[in-house]
Amino acid sequence: MEEKNLTKEKKHRNRPDLEKFGQELVKPGDNARYVGHALACWNLPPLNLDDDAAVAERIQWFFKHCIEDDMKPTVMGLANALGVSRKTLYDWSKGRRRGEKSDRADLIKRAYDLLEELWEDYMLNGKVNPVSGIFLGKNHFGYTDKQEVTLTPGKPLGEDVTPEQLEEKYADIIVDEVVEGKSDA
């Protein structure tokens, strides 16, 4: 009896940038580096969020910390540095903070806009996996894939006509049906 090979042959991708997609790309020491970077925010003293100057200083610290550690800044990283949730940070970036307007709202918006600009640069320059980048764009920056189509009802039957005009137009058909006995009347 002849044996058959039941394993599927691996398909070759025609996208070299996705060739290693799905494989773990963590090198020895990477996890320690990522955890150490995140712990720096954990160890920060609490921040007085009503002090605009302190908030500005913390945002500057966060971006400089990312530069020093050669790490991509993230929305969650900025939220952790400020000691707030990601949702709170997002709400602030949209101007929703206890109904008050301050320099802090503009500052948070600018920091969030900087994160969005960096995300775009990473996406356009192949520095982020496309699937991850799309997820980040939708979940952090409000991007969507939807296409909205607005239908405007036209006049599929032509111009508006009164029932009398329709009766006059189709009188011969109605008379023929009555004469031939096809009418229910």
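Just so you know, all these numbers are worked out from the coordinates, no wet-lab data involved. On a predicted model such as this, the values are computed, not experimentally measured, just so you know. Please note: Cβ atoms are built from the backbone with ideal geometry, for glycine as well, and neighbour counts cover all protein chains shown.
Structure notes:
- Between Lys146 and Asp160, the contour length at 0.36 nm per residue exceeds the Cα-Cα span by 1.5 nm.
- The stretch between Tyr170 and Met71 holds 27.9 nm of extra length on full extension. This uses 0.36 nm per residue minus the Cα-Cα distance.
- Relative protection proxy for 29-36, 88-95, 126-133, from highest mean packing down: 88-95, 126-133, 29-36 (other beta-carbon atoms within 10 angstrom).
- Relative to its Kirkwood radius, the Cα radius of gyration of region 25-141 gives an Rg/Rh of 0.97.
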